[in-house]
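Comments concern the structure below.
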Amino acid sequence: MQATLRNLQTAYSSFWGKRAKYPTFKRKGRTTDAATYLRNCFTFRDGQLTLAKQDAPLRVIWSRPLPEGAVPSQVTVSRISRGQYHVSILVVTAVHDLAETGTSVGVDAGITSLLTLSTGEKVTNPRHEKRDRTRLRRAQQTVNRKQKGSANRAKAKLRVARIHGKIADRRRDVLYKLTTRLVLEHDTVVIEDLTVRNMVRNHGLARAIHDASWSELRRQLEYKADWYGRQVIAIDRWYLSSKTCSVCGAIVEKLPLNVWEWTCPCGARHDRDVNAARNIHAAGLAVSASGG
């Protein structure tokens, strides 16, 4: 009840501040079911979590241990669309800066390769959605054949949600590991300031762009860099990283998307993505040096 009243106060404050519409009730099945327990509404002892009005601790499969010595101040229990219950525990703990590595890297996001680094390394795009596209399509067709409002339709929608959930879990796992590795190995990570919202208007590439999840990649990089004292630099989205020669700086007039390798008049032969990553890296270092 305390957390609900706090949420209500926040909603009304946003309404009075003209930042949101008038508060409405949550609709079952349309929003995530969740309950927040403040400090006096739960106990956490010896790795066991017991909520208010419950006699026995919850049976929890822990994704990771809490930081040593950390005291939970808030617990949120939520049920997601695929029927799973999640527990999120809020703690306050110190995060120390990592030791400097003396290295920096430029990152070019793509579709054929999820990431291309200025070091020449390419990270393969797992294409998570494509792996389950047939199963997902069949499950969605089953939903469309069920009568609206029926119990069978609800079961069919649950199967669709579970497939979507598995895809999202695999995608999130890859991005977490990849961004953690970049932050641990480099002091500075340079990326492009991509406008994903505009890019997905290309209906031929929208599905692949959503599956690559470039926005989530950037979000994770930025908060992890903030945690550990690293730096993330986003260069101008209009910078011609692919068309510029990383050796002499010459710019080619045309470079169609189906051209993966090209040769500069200076004699340098470039892989399109590696060349773009190197130019992004150089531009980011110039921005950092100039204090921009």
For this session: Compute the distance in nm between two label points, each set 7 Å from the Cα along the Cα-to-Cβ direction, one at Ser150 and one at Leu51.
Result: 3.3
Problem set entry | Point-to-point label distance, Thr24-Arg137, nm (Cα→Cβ direction, 7 Å offset) | 3.5
For this session: Would you mind checking the radius of gyration and Dmax of the stretch 49-195 based on alpha-carbon positions, in Å?
Result: 21.0, 61
Exercise. How far, in nm, would the chain grow between Leu285 and Leu5 when pulled straight, counting 0.36 nm per residue and subtracting the alpha carbon separation?
Worked result: 96.0 nm
Problem set entry | Extension gain (nm, one decimal) between Ala250 and Arg162, 0.36 nm per residue minus Cα-Cα | 26.7 nm
For this session: Tally the DSSP beta bridges in the stretch 104-290 and give the antiparallel ones as a percent, rounded to 5.
Result: 55
Exercise. To the nearest 20 debye, what is the magnitude of the charge dipole of the stretch 96-232 about its Cα centre, counting +1 on the Cβ of each Lys and Arg and -1 on the Cβ of each Asp and Glu?
Worked result: 1940
For this session: Given the options Gly106, Gly69, Gly229, state which has the largest fluctuation in a GNM of the chain using a 10 Å cut-off (strictly under) for Cα springs.
Result: Gly69
Exercise. Among Trp62, Trp214, which comes first, second and so on when ranked by fewest other beta-carbon atoms within 10 Å?
Worked result: Trp62, Trp214
Exercise. Label-point separation (nm) for Trp260 and Met199, each offset 7 Å from Cα along Cα-to-Cβ?
Worked result: 1.9
Exercise. Within the P(r) computed for the stretch 237-292, what percentage of the Cα pairs occupies the region above 19 Å?
Worked result: 26
For this session: Kindly express, to the nearest 10 degrees and within the range 0 to 90, the angle between helix 272-290's C-alpha long axis and the longest C-alpha principal axis of the chain.
Result: 80
For this session: Give the relative contact order (percent, whole number) for the chain; include only Cα pairs under 8 Å separated by 6+ residues.
Result: 17
Exercise. What is the distance in Å between the Cα centres of the stretch 27-85 and the stretch 161-194?
Worked result: 25
Exercise. Which residue fluctuates the most in the chain, going by a Gaussian network model with Cα springs under 10 Å, if the choices are Asn202, Asn258, Asn125?
Worked result: Asn258
Problem set entry | Taking the convex hull of Cα positions in the chain, its mean projected area over all directions (nm²) | 21.2
Problem set entry | Top of Arg170, Arg64, Arg159 by mean-square fluctuation, Gaussian network on the chain, Cα under 10 Å | Arg64
Seminar exercise, completed: the stretch 2-90: Kirkwood hydrodynamic radius (Cα pairs, Å) comes out at 15.1
Seminar exercise, completed: Under 16 Å by backbone N from the virtual spin label 7 Å along Cα-to-Cβ at Ile111, the residues of the stretch 166-198 are 195-198
Exercise. Taking the Cα atoms only, what angle lies between the long axis of helix 214-228 and the longest principal axis of the chain, rounded to 10 degrees?
Worked result: 80
For this session: Rounded to the nearest 10 degrees, what's the angle between the helix 133-145 long axis and the longest principal axis of the chain, both from Cα atoms, 0 to 90?
Result: 40
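Throughout, read-outs are computed from the coordinates displayed, never taken from laboratory work. Just so you know, these numbers come straight off a predicted model, no measurement behind them. All Cβ positions, glycine included, derive from the backbone under ideal geometry; neighbour counts span all protein chains shown.
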